[in-house]
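Structure first, commentary second.
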Amino acid sequence: MRKEKESTDQIDGSAASDAGGRESEGESSGRLSVLDYEFDVNSDKWKLSARSNLNAAALRNAFPGVLTDGAMGTMAHYAQVVSAGTCAQFSLGMRRLAKFVRTLDTDPEITTTMLINFRHHAFQETGNDQIFISSVRPFLRKWYDLGFDGVSEDVIDLIESWTLRSAPAGEAVNRQGADDGPLERDEKATLEAGWMAAYEAGSIDHGAMSLCLLLSRSGRRPSQYANIKLVDLYDRKFDDLPNGDSTSPRRMLLVHIPRAKQPDQGWRKEFRTIEVIPAIWNSLVRQRMLVMQRFEEMIVGKNFDLAPHEILHIEEQLPLWPLWSAVSTSLKVAERLLKQKSPREAIDRLRLDGSSDAWHQSASAIGNLVKEASAKTDSKNRNSQPLHVNPRRFRYTLGTELVRKGVPATVAAHLMDHSSLDSLKIYEKSIPDHAIPINKAMALSMKPLVRMFSGEAVDRELDARGGDRPHQTRILFNGRGTATCGIDRQCGLNQIPRCCYTCNHFQPWLEGPHEPLLEVLLDERQQRFELLGPSEMVGVNDLTIYAVVEVIQRCQLRRQELAAKSAPSTQRKNATKRHASGEGSGATKDS
């Protein structure tokens, strides 16, 4: 049984807890939630997860008298088979129904008249029947199926006869809003570069950076990232195809991500596996190492007498992004058990907490982590306003990208972790606007929607960081000096400057050959357009083009500044020359 200290009741699942402590209290008439937390159906608060309490008293008070057994019995059933969030949604919808009717304390049952009036009222407020779809209809169906009094067959026949109108799906996706719609490719690239720059500057830690990178490429829901454990990183599978020129099979870098929003699905009972690129894999592996290292530091000196295989088992069950305060609480409880001469119970406590949701962050905490890390990048959107970021936008972005690329619907649904193809209909299939031809005049006249160049332009090589070490830091284009790399460790790309333009360590020179490079990039782009037509691949280097254009524009502005500064000096020199030759001295031909 899981026992927790008293906490403020929260319907939204944000209640604090002591990580779901478990101490034997003998027999109990309680039931087990879907996450194996015991709750008493007669209590005012039901513990459903490590950080979620359901306000059972509020629902009980909304359905007094003869309807109490039906309302609470139905909710108790749902608490055993669905998530705490879904239970909260059911409770809220049914309480809204009860509040509108206001006669449930005298009426012996929910009537068809009540439902008709409530549906009309809700529709007037929202313009849809979403409250019936998401909570009222399924709850009343289950109430009736479980055999409780209060819901008649006439009520079920009525709600089954209705054609309910759901809330419009995908409004933000189809509206393509700058604040809530899918991210433009430029915005996404700028954000990813910003995360890396913020990480290098120490503004965000490795955990936030690794989470953001995985989210950006996989588009899952926050609850799914919250539920990932260290054991879910898997690289022991090999592809059947050869690894490049090598005959050896390619190692696959896989992340098993727990599924969410599946009917009657237990916690971490079903997974969808994705393959990630090496850069993201390396960041996740390092995050795994940091989590294990911190856990081992926390148990040092606590005399748990854990065998190596026991430590490994517990560490494998650690969340990839743990709630460390909950881990600390569990360790304190285990220490207390040790002092009570119960070493086996102490170890069992750690194993049980580790395998449960006790040490995992909430979905809202994961979402806040992404928002805070993104705010540190100071990124701008397509309207040059602060870029608002939340996990949902990355999900919209992934769906839009998959559909625009022409990925088959079944594959796109799998990659989006959908169980059906219906949700893909909200993503408009359109030709990307970056697939149109761009000439040099158009490129130089455009104002980049987002800032792709994040480095620092300098007047000359000696003004750059590292400019006094040209043999180490000079970047060339076609053998001609172009820029300086401002970082000591070399990436080996100093002969291929095009990808350097989007790096924050890049320091282009005022008189570098930036326009010739732009011409090369535009020629390559035109060739792809002629060969492939309006394909996604046409704009594969557009982000670099935007960065090069921005560098050229900055250099032009800098030349204007230097010319303006030198103008007064030139005028004074000319005046001095005229004075020395007698010009402007007041003399005239007639004098």
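The values are calculated or read from the model by the stated rules, or taken from the named source; none is laboratory data. Every value quoted in this text rests on a predicted model; they were computed, and no experiment measured them. Every residue, glycine as well, gets a Cβ built from its backbone with ideal geometry; the counts of neighbours run over all protein chains shown. Only protein heavy atoms, including side chains, enter the accessible area calculation; ligands, DNA and RNA are left aside. Shrake-Rupley method; radii C 1.70, N 1.55, O 1.52, S 1.80 Å.
Structure above, values below:
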{"quantity": "The stretch 517-560: C-alpha gyration tensor shape, a/c 1.5 cut-off, then a/b vs b/c", "calculated": "prolate"}
{"quantity": "Scattering curve values for the stretch 245-365, log₁₀ I(q)/I(0), Debye with Cα scatterers, q = 0.12 Å⁻¹", "calculated": "-0.56"}
{"quantity": "Anisotropy class of the stretch 291-338 from Cα gyration tensor, a/c 1.5 cut", "calculated": "oblate"}
{"quantity": "Accessible surface of the stretch 257-407 [probe 1.4 Å, protein heavy atoms]: carbon and sulfur percent", "calculated": "49"}
{"quantity": "Theoretical FRET efficiency, 1/(1+(r/R0)^6), r = Cβ-Cβ of Glu456 and Gln527, R0 25 Å, to 0.05", "calculated": "0.15"}
{"quantity": "Pairs beyond 19 Å (Cα-Cα), from Lys188/Lys371; Lys188/Lys380; Lys261/Lys405; Lys188/Lys229", "calculated": "Lys261/Lys405; Lys188/Lys229"}
{"quantity": "Pairwise FRET efficiency - Val81 versus Arg480, Cβ, R0 = 56 Å, nearest 0.05", "calculated": "0.25"}
{"quantity": "19 Å cut-off, amide nitrogen to a point 7 angstrom out along Glu109 Cα→Cβ, residues in the stretch 127-156", "calculated": "137-156"}
{"quantity": "Of all accessible heavy-atom area on the stretch 84-128, the percent that carbon and sulfur account for (1.4 Å)", "calculated": "50"}
{"quantity": "Gained length - Gln560 relative to Trp162, 0.36 nm times residue gap less alpha-carbon distance", "calculated": "136.3 nm"}
{"quantity": "Full-stretch length increase - Asp305, Ile133 - with 0.36 nm per residue and alpha-carbon distance subtracted", "calculated": "56.6 nm"}
{"quantity": "At R0 = 45 Å, FRET efficiency that the Cβ-Cβ distance of Glu297 and Asp145 yields, to 0.05", "calculated": "0.30"}
{"quantity": "Inter-label distance, nm, simple model (7 Å from Cα along the C-beta direction), Arg336/Asp235", "calculated": "4.1"}
{"quantity": "Protection-proxy order for peptides 126-135, 188-197, each taking the mean of Cβ atoms within 10 Å per residue, highest first", "calculated": "188-197, 126-135"}
{"quantity": "Prolate/oblate/rounded label for the stretch 320-372 (Cα gyration tensor, a/c 1.5)", "calculated": "prolate"}
{"quantity": "Accessible surface, 1.4 Å probe, highest first, among residues Cys503, Cys212", "calculated": "Cys503, Cys212"}
{"quantity": "For the stretch 264-358: lysine pairs under 21 Å (alpha-carbon distance), excluding those fewer than 8 apart on one chain", "calculated": "4"}
{"quantity": "Extension reserve of the Ser384-His121 stretch, reckoned as 0.36 nm per residue once the Cα distance is removed", "calculated": "90.5 nm"}
